[in-house]
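Visitor: Got a structure for you, written out below as structure tokens; questions coming shortly.
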Amino acid sequence: MSLANGRHYLAIPGPSVMPDRVLAAMHRAAPNIYEGGLHDLVDSLWPDLKAVAGTTTASVAGYIGNGHAVWEAANANLFSRGDKALVLAVGQFGLSWAQSARAMGIEVEVIDFGKATPVDMDRVEAALRADAAGKIKAVLMTHVDTASTIRTDIAALRAAMDAAGHPALLAVDCIASLGCDEYRMDAWGVDVTVAASQKGLMTPPGMGFVWFSDKARAVGKTADLRTPYWDWAPRVQGGEFWQLWDGTAPTHHLFGLREALDMIKEEGLENVWARHDCLARAVWAAFDCWSTGNAAIGLNVANPRDRARAVTAARLGAPHATRLRDWCEHNAGVTLGIGLGMAPPSDPAYHGFLRVGHMGHVNAHMTLGALAVMEAGMIALEIPHGGGALAAAAGVVAAGAGA
């Protein structure tokens with residue numbers, strides 16, 4: 001017998017759970033794209049997108065595409081062929097952004113901090129000081145690496161760059177973190193921010209955004225990697241509506257995004273951050289208890305300060321993570337994330353890792369329910385684990401809800 005019949009819960013790190021309000025907003029006939037209400041709706045999006053990113057000064061360009069698309073948009077506007085980027089990698093997605101830049105003809109230096117440790121700011125400062133000729137044009141960094149779930153202290157990174165006295169721009173990938181983890185583009189001295197619609201912005205995949213400072217805009221004017229589609233200037237300066245998208249607008253995504261931004265405003269952005277923090281700590285509390293009965297179980301990131309609030313990477317020991325994911329999905333209707341980037345799929349160790357997404361439209365009963373299903377799966381599969389996990393997670397939620 002399966003207990004999976006009913007509404008499934010997608011506890012993966014994106015696409016995140018789509019709110020019914022967002023889906024309902026998208027369920028309509030195609031609008032007039034030449035004038036009228038759609039134009040007014042789009043005009044209303046830009047101030048709210050700026051607010052979510054913590055900026056009043058940056059421009060915002062929208063693209064039809066996913067997170068990889070906005071990497072390419074940032075690369076195209078920041079660099080000319082032969083320019084150099086410094087990529088700070090703390091997991092799969094930092095390495096992937098580096099590869100995207102290399103494929104476009106950019107010289108890339110990578111400082112790889114591994115899959116479980118945060119950025120060493122002293123090493124960053126030293127690398128920038130060593131670049132006496134100023135070849136490094138920009139530092140590229142994931143705020144939250146969706147694979148390792150390491151969260152980088154962006155303010156500390158900017159401080160390290162300033163201490164080195166280096167003129168490089170700072171570009172930050174917030175694809176996994178925007179609308180989940182605290183982020184303040186202006187206050188933290190970020191020049192370029194990239195994000196996409198399908199995670200904390202609670203809208204189906206298909207839209208990406210680039211926020212860029214005046215300094216970055218000036219650099220972009222001479223970047224020879226720009227092409228008509230990726231050039232961000234017409235998307236913020238064009239006098240005609242079609243120029244915002246270099247063609248037909250992603251109409252129904254825009255209706256959904258408007259509703260999602262309304263939901264964030266209604267809750268309050270700082271309350272959104274606090275909710276994600278509480279739910280993340282509930283997940284961590286459960287894993288801490290499970291690990292007391294099995295040393296193979298544990299969180300990927302040791303220090304809570306360095307953990308994402310949007311998603312948690314963990315290990316169960318091979319092959320138990322894959323076994324548990326399969327059991328949860330097929331027997332209880334909960335889909336957990338694969339352990340991306342921890343080992344090649346051909347390596348038996350691959351089956352020892354998983355991720356729990358708790359981003360976007362997620363509340364206490366969804367997170368506690370997912371944890372209860374995971375524990376039921378461990379019992380059914382006879383995976384050794386410590387007790388008290390659900391009580392510990394419930395205690396975190398109780399304390400958070402009473403705050």
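Visitor: Would you pick out the residues in the stretch 213-226 that are surrounded by fewer than 24 Cβ atoms within 10 Å (Cβ to Cβ) and among the aliphatic types (A, V, I, L, M)?
Guide: ALA218, VAL219, ALA223, LEU225
Visitor: Being outside any loop (DSSP other than H, G, I, E, B) and among the polar types (S, T, N, Q) is the filter here, so list the residues in the stretch 46-86 that pass it.
Guide: Selection gives SER59, ASN75, ASN77.
Visitor: For the stretch 213-233, name all the residues that are in a helix (DSSP H, G or I) and either in contact with a Gly (Cβ under 6 Å, 6 or more places away or on another chain) or of a type in the set (Lys, Arg) (or both).
Guide: Within the stretch 213-233, LYS215, ARG217 meet the criteria.
Visitor: Further question: If I ask for residues that are more than 11 Å from LEU88 (Cβ to Cβ) and crowded, with 24+ Cβ neighbours inside 10 Å, which ones from the stretch 114-142 would you list?
Guide: Listed by number, the list holds a single entry, ALA138.
Visitor: Of the conditions (1) open to solvent by 10 Å² or more (accessible area, probe 1.4 Å); (2) within 27 Å of ALA103 (Cβ to Cβ); (3) touching a strand residue (DSSP E or B) at 6+ places or on another chain (Cβ under 7 Å), VAL210 satisfies every one except a single condition; which number is it?
Guide: With respect to (1) open to solvent by 10 Å² or more (accessible area, probe 1.4 Å); (2) within 27 Å of ALA103 (Cβ to Cβ); (3) touching a strand residue (DSSP E or B) at 6+ places or on another chain (Cβ under 7 Å), VAL210 is out only on (1).
Visitor: While we're here: Among the listed residues ASN331, ASN294, identify the single one that is touching a residue at least 12 places away in the same chain (Cβ under 8 Å) and either of a type in the set (Gly, Ala, Ser) or not in a loop (DSSP other than H, G, I, E, B) (or both).
Guide: Only one candidate passes the filter, namely ASN331.
Visitor: Would you please list the contacts, defined by Cβ atoms under 8 Å and residues six or more apart or on different chains, that run from a residue in the stretch 51-62 that is farther than 16 Å from MET207 by Cα to a residue that is in a loop (DSSP other than H, G, I, E, B) and of a type in the set (Lys, Arg)?
Guide: Note: pairs meeting the criteria are GLY54/ARG184.
Visitor: So, in the stretch 310-323, how many residues would count as being part of a loop (DSSP other than H, G, I, E, B) and open to solvent by 30 Å² or more (accessible area, probe 1.4 Å)?
Guide: 2
Visitor: Just one of (1) among the aliphatic types (A, V, I, L, M); (2) touching a residue at least 60 places away in the same chain (Cβ under 8 Å); (3) farther than 15 Å from LEU170 by Cα trips up ALA103, so point out which.
Guide: (2)
Visitor: Hey, another quick one. Taking the conditions exactly as written (assigned to a loop (DSSP other than H, G, I, E, B), open to solvent by 60 Å² or more (accessible area, probe 1.4 Å), of a type outside the set (Ser, Thr, Tyr) and out of contact with any helix residue (DSSP H, G or I) (no Cβ under 8 Å at 6 or more places or on another chain)), does GLY247 satisfy them or not?
Guide: no
Visitor: Sticking with this one: Can you tell me which residues in the stretch 234-243 are in a helix (DSSP H, G or I) and open to solvent by 30 Å² or more (accessible area, probe 1.4 Å)?
Guide: Across the stretch 234-243, the qualifying residues are PRO234, VAL236, GLN237, PHE241, TRP242, GLN243.
Visitor: Still on this structure, please answer the following. Kindly indicate the residue of the stretch 364-403 that is in a loop (DSSP other than H, G, I, E, B), of a type outside the set (A, V, I, L, M) and over 23 Å from SER148 (Cα atoms) and also least open to solvent (accessible area, probe 1.4 Å) among those meeting that condition.
Guide: Filtering first and then ranking leaves GLY386.
Visitor: Would you be able to tell me the number of residues in the stretch 148-197 that are of a type in the set (S, T, N, Q) and within 30 Å of GLY352 (Cβ to Cβ)?
Guide: Total satisfying the criteria: 4.
Visitor: Continuing with the same structure: Collect the residues in the stretch 161-202 that are of a type in the set (Gly, Ala, Ser) and surrounded by fewer than 24 Cβ atoms within 10 Å (Cβ to Cβ), keeping them in residue-number order.
Guide: Residues satisfying the conditions are ALA163, ALA164, GLY165, ALA168, ALA187, GLY189.
Visitor: Within the set of pairs 6+ apart or on separate chains, which have a first residue in the stretch 388-403 that is closer than 10 Å to CYS278 by Cα and touching a residue at least 12 places away in the same chain (Cβ under 8 Å), a second that is open to solvent by 70 Å² or more (accessible area, probe 1.4 Å) and not acidic (Asp, Glu), and C-beta atoms under 6 Å apart?
Guide: VAL396/ARG281
Visitor: Give the residues of the stretch 306-328 that are out of contact with any helix residue (DSSP H, G or I) (no Cβ under 6 Å at 6 or more places or on another chain), in contact (Cβ under 8 Å) with a residue 24 or more places away in the chain and among the charged types (D, E, K, R), sorted by residue number.
Guide: ASP306, ARG307, ARG325
Visitor: Looking only at the stretch 135-183, count how many residues are aliphatic (A, V, I, L, M) and either free of Cβ contacts under 8 Å to residues at least 24 places away in the same chain or part of a strand (DSSP E or B) (or both).
Guide: 11
Visitor: Sort out which residues of the stretch 381-403 are more than 15 Å from TRP284 (Cα to Cα) and either touching a helix residue (DSSP H, G or I) at 6+ places or on another chain (Cβ under 6 Å) or among the basic types (Lys, Arg) (or both), and write them in order of number.
Guide: Of everything in the stretch 381-403, those that are more than 15 Å from TRP284 (Cα to Cα) and either touching a helix residue (DSSP H, G or I) at 6+ places or on another chain (Cβ under 6 Å) or among the basic types (Lys, Arg) (or both) turn out to be LEU381, ILE383.
Visitor: Being crowded, with 18+ Cβ neighbours inside 10 Å and either out of contact with any Pro (no Cβ under 6 Å at 6 or more places or on another chain) or on the phi > 0 side of the Ramachandran plot (or both) is the filter here, so list the residues in the stretch 339-354 that pass it.
Guide: GLY339, LEU340, GLY341, MET342, TYR350, GLY352, PHE353, LEU354
The values are calculated or read from the model by the stated rules, or taken from the named source; none is laboratory data. Keep in mind that what you see is a predicted model, and the values were worked out from it rather than measured. Glycine also receives a Cβ, built like all others from the backbone with ideal geometry; neighbour counts cover every protein chain displayed. The protein model used for the area step is the full one, side chains on, heavy atoms only, and it has no ligands, DNA or RNA in it. Shrake-Rupley method; radii C 1.70, N 1.55, O 1.52, S 1.80 Å.
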